[in-house]
Structures are given as structure tokens and as C-alpha cells.
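Notes follow once the structure below has been shown.
Read-outs throughout are calculated quantities, based only on the coordinates presented, and are distinct from any laboratory measurement. All figures in this text were calculated on a predicted structure; none of them were measured in a lab. Counting neighbours? That spans all protein chains shown, and the Cβs are built from the backbone with ideal geometry, glycine included.
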Amino acid sequence: MVVLAKGELEQIALPAVQKVAPPLADVPEVDLAAAEGRAAAVRAACEEHGFFKVTGHGVPLALLARMEEAAAAFFALTQREKEAAMSAVAPGSPFGYASKRIGSNGDLGWVEYLLLGVTAAGASTGENSGATLPLPEEAVPSAWRCSFRDLLNEYTVAVRRMTCEVLELMAEGLGMERDAFARLVLDEESDSMLRVNHYPPRPDQLKQLHGGGRVTGFGEHTDPQIISVLRSNATSGLEIALRDGTWVSVPPDQSSFFVNVGDALQVLTNGRFRSVRHRVMVNSVRSRVSVIFFGGPPPREMLAPLLQLVGEGGRRRYREFTWREYKASAYRTKLAENRLCHFETT
Ligand code: GA4
């Protein structure tokens, strides 16, 4: 990791008085392999928390392990190697490799990450989409000889498939046509992304600050897209805000996925599904690695509360806008801001 500029760690460190978030007692869970009750369970979780765990997902555990291993190998390269590896293939901000800087409006976190665009074929690093990441051979263990690039694609294809199954259950739970949401992520022009995050353990410098308090990996925010599907290693860190504003931690589960409802889905469901506020706190001794698939609509897609969900004579809580418009507006905000309030009807 690069050396921190003066004052940067203070911004990433939370005051020591900040309470440790208690674990969420009953993490809502949906078993995709279950014979019945899936759509109702998905709907209930999206209404209450905008968040749930997915088991029985069918994505091979070996693929998850390979991904985790390759991501760890990538982040173990030197800072210069990581920057060089990505600048050779990524088209630049917001895509590519970055460390500590989140977005372009001054947000900082104790995190380094890869952000990749997703095309219909899988994860893409941009213009030279046929290129293989120039990872040194020895950086990837020999048992996994396929390139990081191919692995990212394989992972993305498998997780996008499962994401669409979840989106179909969301639609079914609301009594809509099954493809009401999934079609947006399956569209050739869907604006989806893949993010690989690495949160190194709490830095030693923090011991002198605030008596060694908590460190923010990724500050609180909601995701702008329709849906986010996360998988992490066994290190804790993810926290979500409940309806009453209290923060709870989510016990990690490396063999499951966690689903977040995003802003776009809150709009489509006229606020019935809740875009969940979440953050990642840094573990004091262990690294956390997570991979998140963000399912987004095509830029031209007009987003507005779906008629069936507004009901006759019902009030539309949001005005109509394109995903292009919303995304541009979101990228002008600071991470923690409420982005949807600018699109609410009065
Ligand atoms: C949050 C969800 C995704 O990680 C992301 C993030 C994006 C970025 O890191 O560049 C944003 C953030 C996210 C929301 C507001 C803006 C944009 C950082 C930021 C301050 C890739 C996304 O699409 O929106």
C-alpha cells in the first residue's frame, strides 16, 4: 500500500467512541435449491432489510476459491506492478486498479480494488477487451494456470446467471412477470460492473490515533444499481443499517452470497424494496477480500415506479429518469449522500 498523505488516516479512522456493531441476529436466508417458498422469502427480505444471504446458489465452490486465490495473488503484487498491470488494459477512471480513493469526490477508505466493466460476454477491462492481464506467471499458483482475466469472466458469467434467478424471484414475489427486472441485467447493453476489493488489516499507525479505534474500509453508502451480489472470504467487515438506523454486522460466510437491493430497484418497486445502506469496517488482524457483481440497466433505460406496484390512484414516489441520468448524478455525489432524494416526487 502507498504511504498515506498527512491527515488521510484520520479521515479513514472513526472516532474511538464509535460502538462496535452487534451481529445481525437473524440474517434472512434464501435457499435457491429449495422446492418452495423462495419468492416469498426473497420479497420479505427485500421489504424489511433490502438484504439477504443466498445459499444453494449452484455457483461451484471451487470457482469461488480460485477467484479468492487469484485476487489475493493480484493484491500481493507490488504497488507498481498492480498499477502497471491494470493501466495496460483498463481505460482509466472509474475502471482499473485504485488504492484508498473511492470515486472522484474525495472519499477515502482503507481499501484497494479493481473495478471492471461487464460486457455481454463477461468482465471487461475496457478497450483491449481481448487482452490478458499481464500477471507474472508466478503470481498465480500453478494449479490455477488460466489467466486472472479468464477467471474473472468465468466468475462473472456464473454470478450473473444466479443474479438473474434472484431477480426473477423478486419479480415473482411481487406478482410481476418473471423477467420484469432480470431483462435489464441480461440486456446486451446492461451497464453492469465487477468490483474486487481488498481490505488489509488495521494499520499500525492507527494505534497512535484515537487510542486505536475502528477503521473504515468502505464508508456507508447505498449502491446505485438494481442489485449487488457479494461474496467474501471468511473475514468479517460488512455492516448494514436497519430501518431504525442502527448498524449491525453481518457474519461472513465464504460459501454463500449476499444480495443488496440497489437504488434503481427501490425506484422500480416504488419504495417497496429498500436500497440498503451498508459499509465495510476493517478487521484488526485479517485481510478481507470481496468480489461484487453490480447488475445495472442499459444507460438508455427509462426508470420509474412500475405501474402494477403503484396501484390505481396510488402515489408515484419517484419521477421518471434514465439510468444514464441517475448514474451521472450519483457520480457527482459523495459516497454517504442520499442520492435518491433528488428524484423523489413532492
Ligand atoms: C457504490 C457502488 C459501486 O461500488 C460503485 C461505486 C462508485 C465508485 O467507487 O466509483 C461510487 C459509489 C458506488 C456511489 C457514489 C459515487 C460512485 C463512488 C462514489 C462516491 C462502482 C458505483 O457504481 O457506485
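Data overview
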{"item": "Within region 16-107, trypsin sites (Lys or Arg not before Pro) in DSSP loop having at most 12 other beta-carbon neighbours inside 10 Å", "result": "LYS19"}
{"item": "Antiparallel bridges, percent of DSSP beta bridges restricted to the chain (to nearest 5)", "result": "95 percent"}
{"item": "Debye intensity ratio I(q)/I(0), log10, region 151-303, q values 0.12, 0.21 Å⁻¹ (C-alpha model)", "result": "-0.56, -1.37"}
{"item": "Under 5 Å, built H, 5+ apart or other chain: amide partners of GLY217", "result": "TRP110, VAL280, MET281, VAL282"}
{"item": "Modelled FRET efficiency - R0 22 Å, ASN105 with ASP187, Cβ distances, 0.05 increments", "result": "0.15"}
{"item": "Gyration tensor verdict on region 8-92 (Cα atoms; rounded if a/c is under 1.5, prolate if a/b is larger than b/c, oblate otherwise)", "result": "oblate"}
{"item": "Over the chain, relative contact order from alpha-carbon pairs under 8 Å, at least 6 apart, %", "result": "22 percent"}
